[in-house]
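This report refers to the structure that appears directly beneath it.
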Amino acid sequence: MKNNEIPAYAGIKNYINGEFINPESNQWIDNYNPSNGEVYGQIPNSSKEDVEQAFQSAKSAFPSWSQTTLEERSRILIKISELLEANLDRFAEAESKDNGKPVSLAKMVDIPRAASNFRFFGNAITQFASESHESVGQNAVNYTLRQPIGVVGCISPWNLPLYLFTWKIAPAIAAGNCVVAKPSEVTPMTAYLLGEICSEAGLPKGVLNIVHGLGTTTGQAIVEHPNIKAISFTGGTATGAHIAKVAAPMFKKLSLELGGKNPNIIFADCDYDDMLNTTVRSSFANQGQICLCGSRIFVEETIYEKFKADFVEKVKSLKVGHPSEIDTNIGALVSKPHLEKVKSYIKIAKEEGATILCGGNEVTVEGYENGYYLQPTVIEVKTDDCRVNQEEIFGPVVTIMPFKTEDDVLEMANKVKYGLSATLWTNNLKRTMRMSNQLQAGIVWVNTWMMRDLRTPFGGVKASGVGREGGFEALRFFTEAKNVCIKY
Ligand code: NDP
């Protein structure tokens, strides 16, 4: 593949045993371009039979791949990373076309991060040491083997398509597993292109198998498969609960990264300009469709009116436009049903007596009148327990309200069913320590947002998920620990 070569749309196929093949049933699903509302291709509507074929391919590849040296696995993962970097433009264009996100964002964040995922786990696997313990006085020594699980399933959502798909696949194969993976049916394109890259990098046939299709059929078939022994899932909380129910009787290992409704807590003593600029980003990056977006903004009352005026002014200046235009800040939402869902919450806010400070309406972009565009929307809520402040909206919509004391804001921050991330803006060290300890979240950012070091654990508490990904946590998830005790 050459860089800058954007493929004429040829039709997406499943990637099984290193080959691109049609689904057995020859059934297809339309794929929409969110920027103009047009169907621009079709993807396989894969059935149980396709998942079985993918499983058999993975099963056949496992004995050899699980015995491949760490250096060789590492070399291949790093090669995949290099090929992704070499094809940055092609992947970014495809991601933007599929998802509606600004191409500039895909170029700066999504695709580089997908490359980093492969590079990081390619390196991490060579450093993943097992433990040993001498049982003193008992003439025995214990050591722990970290063995790959076998065939594992990876299921990812549409909001950060390649970024999250590879966040699962890279550690899974680095650890010696073979994978059956399904991207979201709404954003299949970069997962499809990844197959080509993996073959080019020399990943043996069958180590990675990608099946496209609906969550309720293809995804469900992966979860129901009795010999796919672990599932790494990122998506909505309701889907996660359903997957847990299906998987539990088969004692599958589960990693569930689910929804969020994250507080962004702003104290008067913060670095104001930095906070303001970052808060615009943490509210509306990727059209607000990031599980980590700070969708509930709480501001200390002494600076509330100033913040409100400054924030609204900045939000109004964001450009909603076609994803391919370089000055676009807010692209299209991912799909028509999702646009309708987000709009329904703006209606709910009005019914609940909240004030729409800016936005709230669809945007018509000239030349792309059927695209799914929405103004970035700021809602001032009177109380923290209204629906728009409690339920995940997952669009360019944030709520704001003032608070009086640290105790008050802590209580409101924790009073949601979710617990993925929290952001805190303050220069008070003692408060930082107190609040970081007490916030119910898997990740707390202080004076920054979405800064990620791939060695750190990633995941949520409460309805935001079970388990941790990232760094060695991911490699632990994708391996079984076996203790060997030798008496001498
Ligand atoms: P969904 O839960 O609808 O879908 C996620 C994935 O699961 C998709 O590939 C989907 O397929 C598939 N799926 C759906 N039903 C089933 C099923 N019964 N069995 C197996 N797989 C199934 O989430 P969205 O794609 O709408 O993503 C948005 C959600 O993801 C938000 O709630 C967001 O907060 C969360 N998210 C969480 C993150 C985290 O790290 N905690 C990060 C990013 C997003 P299909 O799309 O084809 O239906």
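Hey, among the residues in segment 203-246 that are in a strand (DSSP E or B) and under 17 Å from residue 158 (Cβ atoms), which one's nearest to the ligand (Cβ to nearest atom)? Talk me through it step by step, then tell me what you get.
Here is the first cut: in segment 203-246, the residues in a strand (DSSP E or B) are 208-210, 230-234.
Filter once more, keeping what is under 17 Å from residue 158 (Cβ atoms): 210, 232-234.
Values: 210: 12, 232: 11, 233: 6, 234: 5 Å.
Restricting to residues being in a strand (DSSP E or B) and under 17 Å from residue 158 (Cβ atoms), the top hit is 234.
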Kindly check whether there is at least one residue in segment 68-80 that is in contact with a strand residue (DSSP E or B) (Cβ under 9 Å, 6 or more places away or on another chain) and modelled with pLDDT of 95 or more. no
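Being of a type in the set (S, T, N, Q) and open to solvent by 40 Å² or more (accessible area, probe 1.4 Å) narrows it down to one of 177, 227, 209, so name that one. First the steps, then the outcome.
Values: 177 fails: open to solvent by 40 Å² or more (accessible area, probe 1.4 Å); 209 fails: open to solvent by 40 Å² or more (accessible area, probe 1.4 Å).
227 is the lone residue from the list that is of a type in the set (S, T, N, Q) and open to solvent by 40 Å² or more (accessible area, probe 1.4 Å).
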Restricting attention to segment 76-92, does a residue exist that is of a type in the set (Ser, Thr, Tyr) and either more than 21 Å from residue 196 (Cα to Cα) or assigned by TED's automatic domain parsing to the domain that holds residue 368 (or both)? no
Which one of the conditions (1) in contact with an Asp or Glu (Cβ under 9 Å, 6 or more places away or on another chain); (2) under 20 Å from residue 257 (Cα atoms); (3) free of Cβ contacts under 8 Å to residues at least 60 places away in the same chain does residue 418 fail to meet, given that it meets all the rest? (3)
State the number of residues belonging to segment 441-488 that are open to solvent by 30 Å² or more (accessible area, probe 1.4 Å) and part of a strand (DSSP E or B). 13
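Across segment 305-321, what is the total count of residues that are assigned to a helix (DSSP H, G or I) and open to solvent by 10 Å² or more (accessible area, probe 1.4 Å)?
First, the residues of segment 305-321 that are assigned to a helix (DSSP H, G or I): 305-316.
Checking the rest, the ones that are also open to solvent by 10 Å² or more (accessible area, probe 1.4 Å) come to 305-306, 308-310, 312-314, 316.
The total comes to 9.
Could we say that residue 297 is more than 16 Å from the ligand (Cβ to nearest atom), outside the structural domain of residue 235 (by TED's automatic domain parsing) and part of a strand (DSSP E or B) here?
For residue 297, the condition - more than 16 Å from the ligand (Cβ to nearest atom), outside the structural domain of residue 235 (by TED's automatic domain parsing) and part of a strand (DSSP E or B) - is met.
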For residue 54, the lone unmet condition from (1) assigned to a helix (DSSP H, G or I); (2) out of contact with any Phe, Trp or Tyr (no Cβ under 9 Å at 6 or more places or on another chain) is (2)
Residue check for residue 259: within 15 Å of the chain's Cα centre (by Cα), open to solvent by less than 10 Å² (accessible area, probe 1.4 Å), closer than 21 Å to residue 294 by Cα and near the ligand (Cβ under 8 Å from one of its atoms): yes
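Just to be sure before I move on: is residue 277 farther than 29 Å from residue 339 by Cβ, outside any strand (DSSP E or B) and away from the ligand (no atom under 15 Å from the Cβ) in the structure I sent? Before the answer, list the steps.
Numbers: farther than 29 Å from residue 339 by Cβ: no; outside any strand (DSSP E or B): yes; away from the ligand (no atom under 15 Å from the Cβ): yes.
So residue 277 does not fit the description; no.
Hey, among 160, 194, which residue is within 30 Å of residue 33 (Cα to Cα) and touching an Asp or Glu at 6+ places or on another chain (Cβ under 7 Å)? Even if it seems obvious, please write down each step before you answer.
On the way: 194 fails: touching an Asp or Glu at 6+ places or on another chain (Cβ under 7 Å).
Going through 160, 194 in turn, just one is within 30 Å of residue 33 (Cα to Cα) and touching an Asp or Glu at 6+ places or on another chain (Cβ under 7 Å): 160.
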Is there any pair with a first residue in segment 444-473 that is touching a residue at least 12 places away in the same chain (Cβ under 8 Å) and farther than 17 Å from residue 164 by Cβ and a second that is more than 11 Å from the ligand (Cβ to nearest atom) and of a type in the set (Phe, Trp, Tyr) whose Cβ atoms are under 9 Å apart and which are 6 or more apart or on different chains, and what are they? 446/425; 447/425; 455/120; 455/472; 472/128
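The values are calculated or read from the model by the stated rules, or taken from the named source; none is laboratory data. Computed from a predicted structure; not experimentally measured. Because the Cβ atoms are built from the backbone with ideal geometry, glycine has one as well, and the counts that use them run over all protein chains shown. With ligands, DNA and RNA removed, areas are computed over all heavy atoms of the protein, side chains included. Shrake-Rupley method; radii C 1.70, N 1.55, O 1.52, S 1.80 Å.
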